[in-house]
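Below: one structure, written as structure tokens.
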Number of protein chains: 4
Amino acid sequence: MRFLTAGESHGQAVSAIIEGFPKGVKIEASLINKELKKRMVGFGRGKRMGIEHDRVEIVSGLRNKITLGSPICVLVKNKDHKIFTQKKDGLKILAVPRPGHADLAGCLKYCEQDVRNILERSSARETVTRVCVGAVCKQFLAGFNIKISSFVSGVGKISSAARPKSIEEIIKKTGKSKLNCIDSEKEKLMIEEINSARRLGDTVGGIVEVWASGVCAGLGSVMHFDKRLDAKISAYLMSIPSVKAVEIGAGFKYAGLRGSVSHDTIHFSADKGFWRKSNNCGGIEGGISNGEPIVTRIAVKPIPTLKDSLISVNISTKKKQKAPVVRSDVCVVESAGVIAENMLAICLTESLLDKFGSDSLKEIKNNFRYYFKTLS
Amino acid sequence: MRFLTAGESHGQAVSAIIEGFPKGVKIEASLINKELKKRMVGFGRGKRMGIEHDRVEIVSGLRNKITLGSPICVLVKNKDHKIFTQKKDGLKILAVPRPGHADLAGCLKYCEQDVRNILERSSARETVTRVCVGAVCKQFLAGFNIKISSFVSGVGKISSAARPKSIEEIIKKTGKSKLNCIDSEKEKLMIEEINSARRLGDTVGGIVEVWASGVCAGLGSVMHFDKRLDAKISAYLMSIPSVKAVEIGAGFKYAGLRGSVSHDTIHFSADKGFWRKSNNCGGIEGGISNGEPIVTRIAVKPIPTLKDSLISVNISTKKKQKAPVVRSDVCVVESAGVIAENMLAICLTESLLDKFGSDSLKEIKNNFRYYFKTLS
Amino acid sequence: MRFLTAGESHGQAVSAIIEGFPKGVKIEASLINKELKKRMVGFGRGKRMGIEHDRVEIVSGLRNKITLGSPICVLVKNKDHKIFTQKKDGLKILAVPRPGHADLAGCLKYCEQDVRNILERSSARETVTRVCVGAVCKQFLAGFNIKISSFVSGVGKISSAARPKSIEEIIKKTGKSKLNCIDSEKEKLMIEEINSARRLGDTVGGIVEVWASGVCAGLGSVMHFDKRLDAKISAYLMSIPSVKAVEIGAGFKYAGLRGSVSHDTIHFSADKGFWRKSNNCGGIEGGISNGEPIVTRIAVKPIPTLKDSLISVNISTKKKQKAPVVRSDVCVVESAGVIAENMLAICLTESLLDKFGSDSLKEIKNNFRYYFKTLS
Amino acid sequence: MRFLTAGESHGQAVSAIIEGFPKGVKIEASLINKELKKRMVGFGRGKRMGIEHDRVEIVSGLRNKITLGSPICVLVKNKDHKIFTQKKDGLKILAVPRPGHADLAGCLKYCEQDVRNILERSSARETVTRVCVGAVCKQFLAGFNIKISSFVSGVGKISSAARPKSIEEIIKKTGKSKLNCIDSEKEKLMIEEINSARRLGDTVGGIVEVWASGVCAGLGSVMHFDKRLDAKISAYLMSIPSVKAVEIGAGFKYAGLRGSVSHDTIHFSADKGFWRKSNNCGGIEGGISNGEPIVTRIAVKPIPTLKDSLISVNISTKKKQKAPVVRSDVCVVESAGVIAENMLAICLTESLLDKFGSDSLKEIKNNFRYYFKTLS
């Protein structure tokens, strides 16, 4: 499976094409829209979120809701694209890059003078298409009992030490949360942290944990570095705008632990097959899934667009100038979690198709069943 | 550029082929051997390190030390490969997988009963070939004034808060260190931490920081997720055996900072061009290098092979059994740093060739010079 | 550069996303529409061509007609898509595969019972998107004086031995032709061949030659088989529906020639640099372009959909049954030439970007100019 | 599966690494050596063939002759590599490129003055490694009853119209032939054609047909152009040095046939499943294998190195000069057939692994069996 995405923040639409997705999978547009909505809403999101009501159009790849094995094209129209279609003369050049964004690095890379020509694509609006692709993958994974969920474990200086026992616990507890948390006490403090930042015209980052349960042992590979499941997941999550760190399982905590207490001892029982008493490795050993839940954690930096904007330089005059003030959010940690869930869904779908073939659901399911029998 | 590696831990040799490496680059085998030696020695390494004296053979791709543009094949013989060539009957099946290794996940993936058939490839011996490839890349990068270095900032429960000002400081200070540290006070404690673990037959992990300086703005891309420099670096580092977390720049610290104080303000001066007052972003914004040093940090888990081995299960009897005791190291944090340097060198070489073409050094240098002029 | 296409023959639209296309290239939708029209019209085309008036929508990737370096999404609506949106019950299953199409092989591959679920994607309608991508590439190549053109040299049993001296001659002569020929005498016989087939309810194939001029020496590579320009061109042309053979330069004629008379002697003159007296190698030696025009030739099989349809088998009953009669063309040789031109444009664009980088037109042009100076 | 090859014609060795090859396949080095010998000997081969006795060393990837799923590294030493290790001063620069070789195009591409630095890699010696990779693949394919064979159908002006009924007929008849022919009458004339060219110090090309039988329906794909089996085969065959044309099935003959007589009607019988009365499509429809034998044909150009060498230009003086006279063969058509067989074996192995997974032979065989049952 491979996919490409397209679209500028204020262009006509954002879109994606997924190629190599198997035949025979039922895809509900409503489930894609549900993920899109989760991406949009959130306690820390700003005004634009109010004007957007993203709805996916599935342009091709389905017949009567069932995938044909042909490329799937999805499209989400941008409500707000007047700016983009204006004549060149109608818009002044944007000459001051915002620190923390792709603005300056992008202008240098592309020999560009107008920051707008960079930010239109580097905008997080692009993640709409990744969520669409992920939401298609989630519907495929559901057929193999793979569930993916996330929760916010830190916002600004507030962090929660609560550890869920299962993905079911995450789903249940976050279902009742305003901020996608599993720790209702700390959630109140996190909300206050966001409110405090908002009052000051500031922004705040955080930490999200993303889980996948039901992943069979044997995905990924130890044979070449780029086939390792941990390496792939790491790239997929780090590629999300604002993400600056990725942990698998105990992550940095491993550094402080001795070997005798940190590794997950192996057990066997007739009903469960092989299982572990702990899951410090986050479901991956030697680059291969081991049957335990995949556990990852990402750090999300504060949004770099501020009311009291940061010091920068005018690209053409080379004079010091404050970055422009643009409509923005206060905290996107929840949204980053939704995007991360969907990136993980894409990664796991690809890994599953690598192992079991990718032509038709019927064939994949058979191959999977046969393999699964050999596991215990 | 692309490369493949091959070789089992106790096979005849490990090897690699690098394809797409430019013509006209001078490659000294001695500089590859130097990196191989750095990988081998180290305060926490065990006995096997004593018997290996890895020396690279460059089988093809050079003429009179200069690359031909043709694939480069390198080979490092294994000193210790009697075990591997013994007859099947001569070796008992290894039926108990070690927790923390690829052993069980690999056996399940490949429908395998003999753990030896998995561990021969999943052994960290494979990183010898990555270091060879990286050491070739380092010699290419040197022609563009790109330097790569690393230092250990944590071992077990000891961590150092010392921050280097430049890569030159890292090189200078680690040059005098036994443990590749820049903090001589904390180094003593780290050494004691390793000795303590050794006395207990235990193992210990740690944290390494890897820097690259001299990287021009504009490598990587914001246009598709898999072209982002942060995503690529993340995959390359997470693919190293035992690495469980990757940070770029401030990493997880970002989560606790407000936007107003965390982003790197932009400045310009005639001699330096654009520059930043801080480097929290670790030299990458929007997936693109911004001209500041690339700063990454990795967590290394403790080695899972212990003198008092961990609880496991016999694959064929399904009975509880202790994992086998195998010759091993106490702490490989320094080595992980060497491997990480070389993986970063590979990643940056690929990114540079993506931007400037890859046929001949002469042409790449011209393209680079032209682009560099446009940067300021 | 990479691209994906999507869309079924009777779906809502066909579409493509091009990623990695450089920034700063002027793209006229009208030039894409012109290629689409050339694909549609043609002496041997059938009725559907009358109802389609393909017009491209450029959904993203441009601002004021200039590429942003971001992915380009193009979309062409299908006029005729009522069938596709009908309910399952509204359409009978198509159970008889047509010989010569993907129908049977596709049904077997995808465990499918309804041929319609295969033919919707395997339809040549998919080539609309390839032509769009190629027409974008042609506009890029024009900036490097690369021209691409084609002519029909055979239809059914009629073939023309006329050899053009230059691409300018092809463009001039085909401009006056009804059948995209350069041989007006033979053209009359070819038209009669098509009319004769039409009268009999039969179909007819042919031969097209595709040229590219202005291609600098040095594209492609001899270092690994999959980088060879001849290998890539061969795949791109053979991938066109109905194409069953590809020749480069003298192709099969080489088999009958001695070495002493078949190779293209090398000459040099101050104004032209290196040049050849002949071009039997079709502009490619050792997998690398040599500066002479790229010359390729393809064989196009007769359309397999016939009025008096072919013998087949009902997939579900396994009984002998005639293939269904579907609206179709008599001869698509001209169209195949248009598609082949555009596939060659894609291939050459990718090869050029591989050699000179792909960020911005300004940078690529500089890199090209520098390299070009070294050529003579 | 992916592979890289390395090695210069007069370097120490040529080598290859195959990654992604399944676990559990028995590989006999003797069968690789047999293919290497077939590549070397041949009626039209020259002197160097006499001094080489290529023997493969399998450096890694096997244990007790069984693949481990790890990368396979193979190495073939060059007997004749004194030239290459000589000091720069010991060898004069080779300044005159030979027409018909990569010499000039390569020098231009790589800004190179010494032709030797190009020809060392562009030499057909590189095909030794492709044959090794193919010979490994053939042993895998044999487990699925896939056989691959070739025969020479033309040398110079002599061509044979004999058509084999099956691959068994090819194997049987070529087994008795000096020139790998199935037409003993024409073979005599072909041998005379080679002798005649040899007497004149000239060279001669020809035509080879390559078959694969036992390929199940469903390999390749119609969903994206680069996944089509015909496109892939075309690239793999066209990438062989000296090959200038590729046909699938009837190839160019299709151009002269009407649709009513050229397509392969579909039939069904309980024992064989779906079958065809003819095989003009060469076993591929819509880019997908249809269960009939894969039939391809390639044109091989005459070797460009001649005793009475061709007119060329000295790269540094730019003066007219004859190309150097180098030891060479008269006709390599047979060898090209051996290489083509092995390239086809690689291509089919990759396609099979794409469809059925690639971890272990046991799992692939199960997946294959299940799919095979659905075919009829």
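All conditions in (1) at positive phi; (2) touching a helix residue (DSSP H, G or I) at 6+ places or on another chain (Cβ under 6 Å) hold for B:P302, with the sole exception of (1).
List the number of the failed condition for C:P304; all other conditions in (1) at the interface with another protein chain (Cβ under 10 Å from one of its Cβ atoms); (2) surrounded by fewer than 23 Cβ atoms within 10 Å (Cβ to Cβ) hold. The failed condition is (2).
Of the residues that make up the range D:187-207, is at least one open to solvent by 10 Å² or more (accessible area, probe 1.4 Å) and closer than 27 Å to C:A235 by Cα? Scanning the range D:187-207, I find at least one residue that is open to solvent by 10 Å² or more (accessible area, probe 1.4 Å) and closer than 27 Å to C:A235 by Cα, so the answer is yes. Residue check: B:S177 meets all listed conditions (1) within 23 Å of A:I248 (Cα to Cα); (2) in a loop (DSSP other than H, G, I, E, B); (3) among the hydroxyl-bearing types (S, T, Y) but one, namely (1).
The single condition from (1) under 22 Å from D:E341 (Cβ atoms); (2) of a type in the set (D, E, K, R); (3) open to solvent by 10 Å² or more (accessible area, probe 1.4 Å) that D:D54 fails is (3). Under the condition of being facing chain D (nearest Cβ under 9 Å) and modelled with pLDDT under 95, the residues counted in the range B:65-84 number 1. Considered as a group, the residues in the range C:307-324 that are in a loop (DSSP other than H, G, I, E, B) and free of Cβ contacts under 8 Å to residues at least 40 places away in the same chain include one that is nearest to the other protein chains (Cβ to nearest Cβ), and that residue is C:K318.
Regarding the range C:294-303, can at least one residue be identified that is assigned to a loop (DSSP other than H, G, I, E, B), out of contact with any Lys or Arg (no Cβ under 8 Å at 6 or more places or on another chain), among the basic types (K, R) and in contact (Cβ under 8 Å) with a residue 24 or more places away in the chain? No, every residue in the range C:294-303 fails to be assigned to a loop (DSSP other than H, G, I, E, B), out of contact with any Lys or Arg (no Cβ under 8 Å at 6 or more places or on another chain), among the basic types (K, R) and in contact (Cβ under 8 Å) with a residue 24 or more places away in the chain. Restricted to the range A:119-169, and to residues that are of a type in the set (V, I, T) and assigned to a helix (DSSP H, G or I), which residue is surrounded by the most Cβ atoms within 10 Å (Cβ to Cβ)? Among those residues, the one meeting the criterion is A:V136. When you look at C:E193, is it within 12 Å of chain D (Cβ to nearest Cβ) and of a type in the set (D, E), yes or no? So C:E193 fits the description; yes. Per the listing D:A255, D:A212, the residue uniquely within 7 Å of chain C (Cβ to nearest Cβ) and not aromatic (F, W, Y) is D:A255.
Are any residues in the range D:1-30 out of contact with any helix residue (DSSP H, G or I) (no Cβ under 8 Å at 6 or more places or on another chain) and more than 9 Å from every other protein chain (Cβ to nearest Cβ), and if so, which ones? The answer is D:A29, D:S30. Could you tell me whether A:A197 is in a loop (DSSP other than H, G, I, E, B) and in contact (Cβ under 8 Å) with a residue 60 or more places away in the chain? When the stated conditions are applied, A:A197 does not pass them. Just so you know, in the range D:219-236 the residues that are under 18 Å from C:G100 (Cα atoms) and more than 7 Å from chain C (Cβ to nearest Cβ) include one that is surrounded by the most Cβ atoms within 10 Å (Cβ to Cβ), and it is D:S221.
Being more than 30 Å from C:V115 (Cβ to Cβ) and part of a strand (DSSP E or B) is not true of C:I32.
Exactly one residue out of A:N290, A:N314 is polar (S, T, N, Q), surrounded by 24 or more Cβ atoms within 10 Å (Cβ to Cβ) and either more than 19 Å from B:P302 (Cα to Cα) or modelled with pLDDT of 95 or more (or both), and it is A:N290. Inside the range B:320-350, residues that are among the hydroxyl-bearing types (S, T, Y) and over 24 Å from B:I171 (Cα atoms) make up a count of 1. Of all the residues in the range A:87-118, those that are open to solvent by 30 Å² or more (accessible area, probe 1.4 Å) and outside any loop (DSSP other than H, G, I, E, B) number 4.
Per-residue answers, yes or no, for (1) more than 30 Å from A:L310 (Cα to Cα); (2) at pLDDT below 95:
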| position | (1), (2) |
| --- | --- |
| A:D183 | yes, no |
| A:E187 | no, no |
| A:I191 | no, no |
| A:L200 | no, yes |
| A:A217 | yes, no |
| A:F225 | yes, no |
| A:F252 | yes, no |
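Within the range B:352-370, the set of residues being at the interface with another protein chain (Cβ under 7 Å from one of its Cβ atoms) and open to solvent by less than 30 Å² (accessible area, probe 1.4 Å) comprises B:K355, B:F356, B:G357, B:D359, B:S360, B:E363, B:N366, B:N367. The set of residues from the range D:264-276 being in contact (Cβ under 8 Å) with a residue 12 or more places away in the chain and open to solvent by less than 10 Å² (accessible area, probe 1.4 Å) comprises D:D264, D:G273.
Counting the residues of the range D:357-374 that are without any contact (Cβ under 8 Å) to a residue 24 or more places away in the chain and under 15 Å from D:I146 (Cα atoms) gives 1. Taking first residues from the range B:165-188 that are on the phi > 0 side of the Ramachandran plot and partners that are part of a helix (DSSP H, G or I), the Cβ contacts under 7 Å between residues at least 6 apart in sequence or on separate chains come to B:N180/B:T174; B:N180/B:E334; B:N180/B:G337. When the range C:279-290 is limited to residues that are assigned to a loop (DSSP other than H, G, I, E, B) and closer than 18 Å to D:T305 by Cβ, the one that is nearest to the other protein chains (Cβ to nearest Cβ) turns out to be C:G286.
The values are calculated or read from the model by the stated rules, or taken from the named source; none is laboratory data. These figures come from a predicted structure and were not determined experimentally. In this analysis, Cβ positions are derived from the backbone assuming ideal geometry, glycine residues included, and neighbour counts consider all displayed protein chains. Note: areas computed on protein heavy atoms with side chains; ligands, DNA, RNA excluded. Shrake-Rupley method; radii C 1.70, N 1.55, O 1.52, S 1.80 Å.
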